[in-house]
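J.: Starting off with a structure, shown below.
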Amino acid sequence: MHDVVLETDNLTARFGGHVAVDHVTCAFRSSELTAIVGPNGAGKTTYFNLISGQVAASEGTVKLDGREITRVTVARRTEMGIGRAFQLTNLFPNLSVLENVRLVVQARRNKGFNLFSMAASHGEITDAAEAALGRVRMQDLAGQTVSELSHGNQRKLEVALLIALDPKVYMFDEPTAGMSVDEAPVVLELIEELKSDATRTILLVEHKMDVIGQLADRIIVLHNGALAADGPPAEVIASDVVQEAYMGKALEDA
Amino acid sequence: MLIRLISGDTPRSPILAAILLIILLGLAFAPFVFPGTRSVDTAARICIFIVLVASYDLMLGYAGIVSFAHTMFFGIGAYGVALASIHMGRGFDALVVGSVSGAIAAAVLALVIGLFSLRVRAIFFAMITLAVASAFAVLVSQLSNLTGGEDGLNYQIPRALTAAQRYLEEPFFGVRVNGKLVNYYVVFFGSLIVFLILLRIVNSPFGRVLQAIRENDFRTEAIGYRVVYYRTTATILSAVAASLAGSLFAIWLRYVGPDTTLSFDIMIDILLMVVIGGMGTMYGAMIGATIFVLAQNYLQNLMGAAEEALQSVGVPLLPLFLNPDRWLLWLGILFVLSVYFFPTGVVGRLRRRG
């Protein structure tokens, strides 16, 4: 069994009277891909926000490598190794594709406070950024302005930023949502590749059952903010709680 | 070499390159090409305002921070030189001490304002800068023992920088080579150096982070940059550059007063210059400051001439609109038109075409 990398203990988020995430206790190990499923509004994205730091916990703790990080800032968590791709595209719209990725590489290498050198003279940053773009097959679009990209390409760039960040914990929030049929496989293959590296921990919020079946080692189910099921995919999908709470809902939606 | 000097930030448009070159050469040879006290004074003001506007653009155009305290930093640099010259006696040491202590004071004040208020939403920062700048202006006008109050301060600068000092007996290309000419070149090269440093900063890795913050501060934080530190650093750098511009202004004018350095009118002028030139492009500061200062100094003359010409031809009504007293109206119209036709400023417009 691999080491526990990330843990949440009784993690809770309340907004006024509404409990979005309700005492979720869960541990994530390296080389494991955990899919987080649940109907809309079940608290998946809020759970992500608690882990990456955008939302402050009302109760409970988050630990990375055994260190408590519940009160640590977003930027510091990223430095410590929690990387996040966002569900709604969240890029730097008026900068070029390459510049978007370069910014991530530059952050990773701690060059942000380099005031008096020319950004263009840091060839190693550009090389690393181009490599990350290559992984999502976007190297030809490097010079384009992000706001001019197709939605699918913006989603892929979102993934490229995470690749460039190269964190310990990868958090994907519906990475293939809105992608065309030929774009999605590029991203899924990439996630599969990441999975084969034993030092990575991957969390994936996903609705598509075929994707989950293909990638997940484990599924956790959130329902009304609480952890409703946790186990290997086959077991969880077959369980009553999923059949009722999630699959039933999904069938209605479809 | 030249490319490195401008930090690889080429104008990217032949027309823009030509305009910038004309401004640069015009300022470099102003005492020879446009001799006369008034025109050289205008040229010196253009140099100083280019730095002041460029330093403001570092905050507004690159980091997306709205501040109304920029004239305060400008004034701190100017008063630094004035106070040092009065209390240490005339001399170059006073100019250096005044400039450096002004810059340090500006940096410290910017740090305090930044750390206290850049965490909060942008609008609060803008309001806090407004409050601090107003308080500072009131303080300067009330502490008249120290600052001369509303009358400001007159002081002496080294003789080597004044017209009284003559370096050549014979005029050189028709221009008297005296201390005033040297003073102009102190202002010109001082401004040029500060401008090139600002240009380097916006093209550095740090400058890229500022642009990222302007574009999407939420995501900038999420990829690992502590946004508040970057914003504060940008504010400090901008304050120091503004303070140095103020010091140059004080060296040039030999006078400081609330109206010439601290007034809210100047703050608005800076905003107009940034917008006319083009936000987020250092070169916009060059163009905005040049157009604006020229208009400020010569639009009235131009209108006076046009009024007379029209009156002598006998056109009714129209000369009334061209009365030199209405120059602010025309400046306003120029501003509205330029924002309407060049929403991204002159530089943005030229670059898009190029």
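J.: Ignoring the sites themselves, what is the longest stretch of chain A with no chymotrypsin sites (Phe, Trp or Tyr not before Pro) in a DSSP loop and at most 14 other beta-carbon atoms within 10 Å? Can you show the working numbers first?
T.: Values: sites that count: A:113, A:116.
Value returned for the longest uninterrupted segment is A:117-254.
J.: Separate question: What ranking of B:255, B:229, B:155 comes out by heavy-atom accessible area, probe 1.4 Å, highest first? Walk me through the numbers before you get to the answer.
T.: Details: B:255 65, B:229 105, B:155 20 Å².
Reading off the accessible areas and sorting them downward yields B:229, B:255, B:155.
J.: Let me ask something else. Keeping all protein chains in the complex and leaving out DNA, RNA and ligands, what accessible area do you get for residue A:130 with a 1.4 Å probe, in Å² to the nearest 10?
T.: 80 Å²
J.: Right, something else. Considering only DSSP beta bridges whose two residues both sit in the protein assembly as shown, what percent are antiparallel, to the nearest 5?
T.: Working: 25 of 42 bridges.
Expressed as a percentage, antiparallel bridges in the protein assembly as shown total about 60.
J.: Ranked from the most accessible area to the least, with a 1.4 Å probe and all protein chains present, what is the order of B:266, B:104? Working shown, then result.
T.: On the way: B:266 15, B:104 100 Å².
Order by accessible area, largest first: B:104, B:266.
J.: Could you tell me whether chain A comes out rounded, prolate or oblate from its Cα gyration tensor? Rule is a ≥ b ≥ c as square roots of the eigenvalues, rounded for a/c under 1.5, then prolate if a/b exceeds b/c, otherwise oblate. Don't jump to the answer; show the numbers that get you there.
T.: Working: a/c = 1.89, a/b = 1.45, b/c = 1.30.
Since a/c reaches 1.5 and a/b is larger than b/c, the shape of chain A is classed as prolate.
J.: Okay, moving on. I'd like the accessible area for residue B:279, computed on protein heavy atoms only with a 1.4 Å probe and all protein chains in place. Round to 10 Å², please.
T.: Result for residue B:279: roughly 100 Å² accessible.
J.: Quick check for chain A: number of Lys pairs with alpha-carbon distance under 16 Å, counting only pairs 8 or more apart or on different chains? Can you show the working numbers first?
T.: Numbers: A:44/A:208; A:44/A:249; A:63/A:168; A:168/A:195; A:208/A:249.
Lysine pairs meeting the criterion: 5.
J.: Name the residue, out of B:127, B:59, B:282, whose mean-square fluctuation peaks in a Gaussian network model built on chain B with Cα pairs under 10 Å.
T.: Sorting by GNM fluctuation, first place goes to B:127.
J.: Hey, another quick one. Give the distance, in whole Å, between the Cα centre of the stretch A:68-90 and the Cα centre of the stretch B:307-341.
T.: Cα centroid of the stretch A:68-90 versus Cα centroid of the stretch B:307-341: 57 Å apart.
J.: If r is the Cβ-Cβ distance from residue A:29 to residue A:68 and R0 is 22 Å, what FRET efficiency results, to the nearest 0.05? All intermediate terms of the calculation are to be shown ahead of the outcome.
T.: Working: r = 18 Å, r/R0 = 0.83.
Computed FRET efficiency for residue A:29 and residue A:68: 0.75.
J.: Still on this structure, please answer the following. Could you tell me which chymotrypsin sites (Phe, Trp or Tyr not before Pro) in the stretch B:158-217 are loop residues by DSSP with no more than 10 other beta carbons within 10 angstrom of their beta carbon? Don't jump to the answer; show the numbers that get you there.
T.: On the way: sites: B:167, B:172, B:173, B:184, B:185, B:188, B:189, B:195, B:206; in loops: B:167, B:173.
In loop regions of the stretch B:158-217 (DSSP not H, G, I, E or B), the sparsely surrounded chymotrypsin sites (Phe, Trp or Tyr not before Pro) are B:173.
J.: To two decimal places, what compactness ratio does the stretch A:87-166 give when its Cα radius of gyration is scaled by 2.2 N^0.38 Å? Each step should come with its number before you reach the end.
T.: Details: Rg = 12.0 Å, N = 80, 2.2 N^0.38 = 11.6 Å.
Its radius of gyration relative to the 2.2 N^0.38 Å reference: 1.03.
J.: Follow-up question, since we're still on this one. Applying 1/(1 + (r/R0)^6) with R0 = 60 Å to the Cβ-Cβ distance of residue B:162 and residue A:88, what FRET efficiency is obtained, to the nearest 0.05?
T.: Working: r = 63 Å, r/R0 = 1.05.
My answer for the efficiency is 0.40.
J.: Starting from the Cα of residue B:3, step 7 Å along the direction of its Cβ; do the same at residue B:315; then give the gap between the two resulting points in nm.
T.: 4.9 nm
J.: Quick check for me: using +1 on Lys/Arg Cβ and -1 on Asp/Glu Cβ, what's the dipole size of chain A about its Cα centre, in debye to the nearest 20?
T.: On the way: 23 positive and 34 negative charges, 181 e Å.
For chain A, the charge dipole is close to 860 debye.
J.: Order A:23, A:122, B:87, A:18, most accessible first, counting only protein heavy atoms with a 1.4 angstrom probe. Can you show the working numbers first?
T.: On the way: A:23 75, A:122 20, B:87 135, A:18 110 Å².
Result of the area sort, largest leading: B:87, A:18, A:23, A:122.
J.: Still on this structure, I have one more. Over chain A, with a Gaussian network built from C-alpha contacts below 10 Å, which listed residue (A:140, A:217, A:173) shows the highest mean-square fluctuation?
T.: Fluctuation is largest for A:140.
J.: Follow-up. Among B:100, A:190, B:330, which residue has its Cα furthest toward the positive end of the charge dipole of the protein assembly as shown, with +1 on Lys/Arg Cβ and -1 on Asp/Glu Cβ?
T.: Projecting each Cα onto the dipole axis, the largest value belongs to B:100.
J.: With an 8 Å cut-off on Cα pairs and a minimum separation of 6 or more residues, tell me the relative contact order of chain A in percent.
T.: Working: 455 pairs, mean separation 69.9, N = 254.
Answer for chain A is 28 percent.
J.: Same structure, new question: Rounded, prolate or oblate, given the Cα gyration tensor of the stretch B:2-353, with a/c below 1.5 counting as rounded?
T.: Values: a/c = 1.43, a/b = 1.13, b/c = 1.26.
Since a/c stays below 1.5, the shape of the stretch B:2-353 is classed as rounded.
J.: Across peptide B:196-206, what mean number of C-beta atoms from other chains lies inside 10 Å of a residue's C-beta? Present the calculation step by step, with values, prior to reporting the outcome.
T.: Working: counts 0, 2, 0, 0, 4, 2, 1, 5, 12, 19, 9.
Taking the mean over all residues of the peptide, I get 5.
J.: Here's another thing I want to ask about it. At a threshold of 8 angstrom on Cα-Cα distance, excluding pairs fewer than six apart, so keeping six or more, what relative contact order does chain B reach in percent? Provide the component values of the computation, followed by the final result.
T.: On the way: 533 pairs, mean separation 105.7, N = 354.
Averaging sequence separation for qualifying contacts and normalising by length gives 30 percent for chain B.
J.: Rounded, prolate or oblate: which fits the stretch B:125-243 when a ≥ b ≥ c are the square roots of the eigenvalues of the alpha-carbon gyration tensor, with rounded for a/c under 1.5 and prolate only if a/b beats b/c? Could you put the intermediate results ahead of the total?
T.: Values: a/c = 4.85, a/b = 1.59, b/c = 3.05.
Oblate.
J.: I would also like to ask the following. Average partner chain C-beta neighbours within 10 Å, per residue of A:106-112? Numbers along the way, then the final one.
T.: On the way: counts 8, 8, 2, 1, 2, 5, 14.
The shielding value for this peptide is 6.
J.: Would you mind working out the magnitude of the charge dipole of the stretch A:87-166 relative to its Cα centre, with +1 at each Lys and Arg C-beta and -1 at each Asp and Glu C-beta, to the nearest 20 Debye? Let's see the in-between values first.
T.: Numbers: 8 positive and 8 negative charges, 37 e Å.
Dipole of the stretch A:87-166, to the nearest 20 debye: 180 debye.
J.: Of the options A:203, B:275, A:48, report the single residue whose Cα projects farthest towards the positive end of the charge dipole of the protein assembly as shown (beta-carbon charges: Lys, Arg +1; Asp, Glu -1).
T.: Final value for the positive-end residue is B:275.
The values are calculated or read from the model by the stated rules, or taken from the named source; none is laboratory data. In this text the structure is predicted, and so the values were computed from the model without any measurement. Cβ atoms come from the backbone with ideal geometry, glycine included; neighbour counts cover every protein chain shown. Ligands, DNA and RNA are excluded from the accessible area calculation, which covers all protein heavy atoms including side chains. Shrake-Rupley method; radii C 1.70, N 1.55, O 1.52, S 1.80 Å.
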